[in-house]
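**Q** One structure follows; several queries about it will come next.
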Amino acid sequence: MQDLIKKLAEAWGPSGFEHHVRELIRAEVQDLADDIRVDALGNLICRMGTVKKGGLRVMLAAHMDEIGVLVSHVDRQGYLRFSNLGASHGTTLLGNRVKFENGVIGTIGVEERWSQRTRVPNLDKYFIDVSTGNDTSSVGIGDAAIFWRTLDERGDRLIAKSLDDRVGCAILIETMRKMKKNKSPHEMIFVFTAQEEVGRRGAMTAGYGVFPDFALAVDVVPAGDEPKGVELAVELGQGMVIKVMDTHHVVPPAIKNLLVETAQHERIPYQLEILTLGSTDASVIQLAQSGVPSGAVGVPCRYVHTPSETVDIKDVRACVDLLVAVLSKPAAGIKPE
Ligand code: ZN
Ligand code: CO
């Protein structure tokens, strides 16, 4: 699975520009899905199987996009000024590299004297250097870029940009591979969504269009084991994560219980998430049309929204195992009568 995660994490796809990631994923799932379509927002919607006795129409969602920047203007000295695509933080900008779609690498600098660099300036004080030394430039206003870094491994840990949420995409692909061989009573709709980082926009249209009986989002969860980090009882390497609540989503108890009981029955290590900052695609899918019973699962991730997001492969595998177990049996009590 590491090779798949590396391929996806090193791909280029800021919010609204997911086309390269979408084509990579399409190539992986072409032979697994019964049919594949792309909606107006750019979501990749892959259907597998049909509803059988005790089965539901189940939607699983993971977002393809990653945080990035978009060039807003070029200043008098030729430096690119930018807006953010999704939430990037001043503390991780200076000295970082961005990559444009055409491969051009930019270096992020800041308007501060060395002696003053003890605080975090506003985004408008940062700039991107794309000078070539020979007066040529192939990027400019309107061009988007990602924070660029290759994937590294350290034992069971994977370190890369955009594990939020390419690791979720990899989990869905691996689940599709396993479900190709497993029997399922469900119609399974695997959706690789667009524009999550700018407000879960892809999931809104996908949720509305698919309007499933039951939905699960798969995303990273900020780990609570960084020193003085987020107050959350979720640790790297301690299992996959089952959401109970976040800022925009109270998971129906029947869904939480189904996920917990399945994890216990299959002896899959799991942790419960109560997140007070942030949400997932599931928070908007639950509000599609007349409402969709929705939950969320994921993996703990350190340093979210930096180029060194870190996950543990054991948690990733546990998340696949749980999804496969849930999809392989009827899901009673989820759909309202
Ligand atoms: Zn995410
Ligand atoms: Co994110």
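The values are calculated or read from the model by the stated rules, or taken from the named source; none is laboratory data. As the structure is a computational prediction, the values presented were derived from the model and not from experiment. Using ideal geometry, Cβ is built from the backbone for each residue, glycine included, and neighbour counts are taken over all protein chains shown. Side chains included, ligands, DNA and RNA excluded: accessible areas come from the protein's heavy atoms. Shrake-Rupley method; radii C 1.70, N 1.55, O 1.52, S 1.80 Å.
**Q** All but one of (1) open to solvent by less than 10 Å² (accessible area, probe 1.4 Å); (2) in contact (Cβ under 8 Å) with a residue 60 or more places away in the chain hold for HIS249; which doesn't?
**A** (2)
**Q** In the set GLU153, GLU174, which member is open to solvent by 10 Å² or more (accessible area, probe 1.4 Å), acidic (Asp, Glu) and part of a helix (DSSP H, G or I)? Can you show your working first?
**A** On the way: GLU153 fails: part of a helix (DSSP H, G or I).
Of GLU153, GLU174, the one residue that is open to solvent by 10 Å² or more (accessible area, probe 1.4 Å), acidic (Asp, Glu) and part of a helix (DSSP H, G or I) is GLU174.
**Q** Being within 15 Å of ligand 1 (Cβ to nearest atom), closer than 18 Å to VAL58 by Cβ and among the hydrophobic types (A, V, I, L, M, F, W, C) narrows it down to one of VAL260, VAL284, VAL210, VAL251, so name that one.
**A** Criteria check complete, one pass: VAL284.
**Q** Please tell me if ALA331 is in contact with a helix residue (DSSP H, G or I) (Cβ under 9 Å, 6 or more places away or on another chain), under 20 Å from MET188 (Cβ atoms) and within 16 Å of ligand 2 (Cβ to nearest atom). Can you show your working first?
**A** On the way: in contact with a helix residue (DSSP H, G or I) (Cβ under 9 Å, 6 or more places away or on another chain): yes; under 20 Å from MET188 (Cβ atoms): yes; within 16 Å of ligand 2 (Cβ to nearest atom): no.
No.
**Q** Do we find a residue being within 16 Å of ligand 1 (Cβ to nearest atom) and at positive phi anywhere in the stretch 179-196? I'd like the intermediate steps shown before the answer.
**A** Let us first name the residues in the stretch 179-196 that are within 16 Å of ligand 1 (Cβ to nearest atom), namely 191-196.
Filter again for at positive phi, leaving 195.
Yes, some residue in the stretch 179-196 is within 16 Å of ligand 1 (Cβ to nearest atom) and at positive phi.
**Q** For the stretch 189-209, enumerate the residues that are open to solvent by 10 Å² or more (accessible area, probe 1.4 Å) and outside any loop (DSSP other than H, G, I, E, B). It would help to see each step written out before you state the result.
**A** So the first thing to find is which residues in the stretch 189-209 are open to solvent by 10 Å² or more (accessible area, probe 1.4 Å), and the list is 195-201, 204-205, 208-209.
Answer for the stretch 189-209, where residues must be open to solvent by 10 Å² or more (accessible area, probe 1.4 Å) and outside any loop (DSSP other than H, G, I, E, B): ARG201, MET204, THR205, TYR208, GLY209.
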